[in-house]
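Read the structure below first, then the notes.
The values are calculated or read from the model by the stated rules, or taken from the named source; none is laboratory data. Not measured: the values here are computed from a predicted model. Cβ: placed from backbone, ideal geometry, glycine included. Neighbour counts: every protein chain shown.
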């Protein structure tokens, strides 16, 4: 697994890959205050002494967060579909009583 992570980092986080991404997607993403995201200021949740290793860990963490966001969107879509099937806005008095 570690080897596959290294290959992923080399393929996607090299200077050439970053430049290619900038060319493909244009401007860098801005944070809420209108500034670009500085990878060195992203909270990692644990300490890493090597700056290059820390940057790779932050990149993997951000990729994981993106994956979790997509997974949450899929779960929300599934809930909406189930609710569309089970929610029936028609009132049927034979199904129960109102009051005691």
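In the stretch 30-58, the residue that is farthest from residue 4 (Cα to Cα) out of those that are at pLDDT below 85 and touching a helix residue (DSSP H, G or I) at 6+ places or on another chain (Cβ under 7 Å) is 42. Take the conditions (1) under 20 Å from the mean Cα position of the chain (by Cα); (2) modelled with pLDDT under 85; residue 68 misses just one of them, which is (2).
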